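Here the structure comes first, spelled out in structure tokens, and everything after it is commentary.
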Amino acid sequence: TQEEQTRSDLCFPPGFSFGAATSAYQIEGAVAEDGRGVSIWDTFTKTPGRVLNGHHGDVAMDHYHRFAEDVAIMADLGLTAYRFSVSWPRIQPTGSGAINQKGLDFYRRLTDELLGHGIDPWLTLYHWDLPQELEDQGGWPNRDTAYRFADYAAAVHEALQDRVHTWSTVNEPWCAAFLGYASGEHAPGRREPENAIRGAHHLNLAHGLAVQAMNARRVGGCVNLYAVTPETDSERDLDAARRIDGLQNRFFLDALLTGRYPEDVLADLRVEPDDFIQPGDMKTIGAPIDLLLVNYYSRFTVSGAPGGKASAAAAPTDSASPWVGSEHVSFVNGGRPVTAMGWEIDEDGLVEVLTRVMRDYPPIAMVVSENGAAFDDVLADGRIHDRERRAYVEAHLGACKEAIEAGVPLEGYFAWSLMDNFEWAWGYGKRFGLVHVDFDTQERLLKDSALWYAEIIRQNRPHEPTDS
Ligand code: PNW
């Protein structure tokens, strides 16, 4: 059938990881169980007007209780790796001090289950659920948060290093800093542009300190990269593209991979480097890592003409610009089809960002650690024929292959997301899963995109020659 048609040309080098990704707050639920503390997302979701329809993650996908069923689904799909995040307030309910063993126990059970099914656990330490107590002490704009993070990282690493071989620190520091502290679209919902910049620096510092504190065998940093195009060749559109590329991509890539911030971006931000960047920070941030985790979704087309859209997709709730220092930049229609998020689909942008990192930075192994699309799924005859999502994944896997052929040391692909989940400011209003979840019954159902992905993975298994 159409939806099960595979592409025999989507073959990848031996050892390439085929995974799917999730994050703790988006799927776990069980927010008050086994000693878990309160995170900024608990507080934010309970504040009226912050999340569409007042949705929250109290139950979410109930993964905390259903993880064994979920791992069995991953095994059915043939996933070779699974990227998940650890909830900091499960491990340290107030963000510092004594370790809550029951919190660690959950991740011991999860990783044992994964290993028992031959699935490699990829652990992310921070996917945005900061302990509320640390936010009350200033959150990421407070330098101390970075030191608390390093302590937490060391504790998790010590407890799980026998089970987990690939570690990553902070998921998408751009989002955590600028959606959390500038636009206010994400928790903690502050609109304090200067503090967003401090937050970004301290998130980078937290990454570097954690890398040093863990001394893990294999550790990476994660960034969300976008392809950026100026609308025209006019000077002001070129400047707009330089600014957005600068803050979204280069600010984090330069820091993690070269231990420097780009001068032009510091100038856009109007930051005097010694305002809060202390001696030694950049060396810490640039501490050697083994791989770069790249989350990729879309391309931005930007214009320097004022009066346009202030970001690529309208936020569902009242929010300000996340583009500190470049608030005049407009995001314009690039003329491509969009997902249910309003994000333009452009797989060539993925080839572009991966080859760009290869070209412009010191050699580093990469993985696509998130890639996927929200669409309005329709249940028909007990199935979900999500052809658009399948086409999206297919096109982006094709882009991965193209990047590899161009010489990019790309070691894996993780679909976002394994299953439908709590999509932040959009609550349960957007579905990104390969696996459908009935939000009332918690029943899981493989969408056609999942069946297709499983077939691609099967074709790539070394001991099972393909029949094409
Ligand atoms: C990423 N933006 O989030 C996250 O890592 C996931 O947790 C999330 O579910 C997924 O992508 C889909 O949204 C982003 O507005 C959220 O630019 C918002 C933006 C980018 C990434």
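Here, each number is a calculation from the coordinates, and none is a lab measurement. Since the structure is predicted, the reported quantities are computational estimates derived from the model, not experimental observations. Methodologically, a virtual Cβ is constructed for each residue, glycine included, from the backbone with ideal geometry; neighbour enumeration extends over all protein chains shown.
Quick one: length gained pulling residue 443 to residue 348 fully straight, 0.36 nm per residue minus the C-alpha distance?
30.7 nm
First check a/c for the chain, with a ≥ b ≥ c the square roots of the eigenvalues of its C-alpha gyration tensor; if it is under 1.5, answer rounded, and if not, answer prolate when a/b is larger than b/c or oblate otherwise.
In terms of gyration-tensor shape, rounded.
What residues from segment 308-324 fall in the zone where the backbone N is under 14 Å from a label point 7 Å along the Cα-to-C-beta line of residue 47?
From segment 308-324, the list is 317-320.
Rank-order 415-426, 276-287 by packing density, defined as the average count of other C-beta atoms within 10 Å over each peptide's residues, highest first.
Highest mean packing first, the order is 415-426, 276-287.
Please compute the Cα-Cα pair-distance distribution of segment 307-367 with 5 Å bins starting at 0, giving whole percents from short to long.
It works out to 4, 14, 17, 17, 17, 17, 11, 3, 0, in whole percents.
So for the pair residue 305, residue 274, with labels modelled 7 Å out along Cα→Cβ, what separation do we get in nm?
Output for this residue pair reads 4.4 nm.
Considering only lysines 8 or more places apart in sequence, or on different chains, count the pairs in the chain whose C-alpha atoms sit under 27 Å apart. Show your work: numbers first, answer last.
Details: 46/102; 46/430; 309/430; 401/447; 430/447.
Lysine pairs meeting the criterion: 5.
When N is the residue count of segment 331-448, what does its C-alpha Rg come to as a fraction of 2.2 N^0.38 Å?
1.18
Kindly give Rg over Rh for segment 139-227, based on alpha-carbon atoms, with the Kirkwood expression for the hydrodynamic radius.
Radius of gyration over Kirkwood radius for segment 139-227 works out to 1.02.
Using 0.36 nm per residue, how much length does the chain from residue 267 to residue 317 gain when fully extended, once their Cα-Cα distance is taken away?
15.0 nm
Over the Cα atoms of segment 203-362, what is the Rg over Rh ratio if Rh follows Kirkwood?
Rg/Rh: 0.98.
Could you pull out which residues in segment 312-347 have an amide N less than 12 Å from a spot 7 Å beyond the Cα of residue 395, following the Cα-Cβ vector?
Answer for segment 312-347: 335-340, 343-347.
If the chain between residue 283 and residue 215 were fully stretched, how many nm would it gain, using 0.36 nm times the residue separation less the Cα-Cα distance?
Full extension of this stretch gives 22.9 nm more.
Mind checking the alpha-carbon convex hull of segment 270-325 and giving the volume per residue in Å³?
That works out to 168 Å³ per residue.
Order of 335-346, 364-375 by packing, highest average Cβ count within 10 Å first? Walk me through the numbers on the way to the answer.
Details: 335-346: 16.4, 364-375: 23.4.
The packing order, highest mean first, is 364-375, 335-346.
Sort 98-110, 444-456, 68-80 by the packing proxy (mean of other Cβ within 10 Å over each peptide's residues), most packed first.
Sorting 98-110, 444-456, 68-80 by mean packing, highest first, produces 444-456, 68-80, 98-110.
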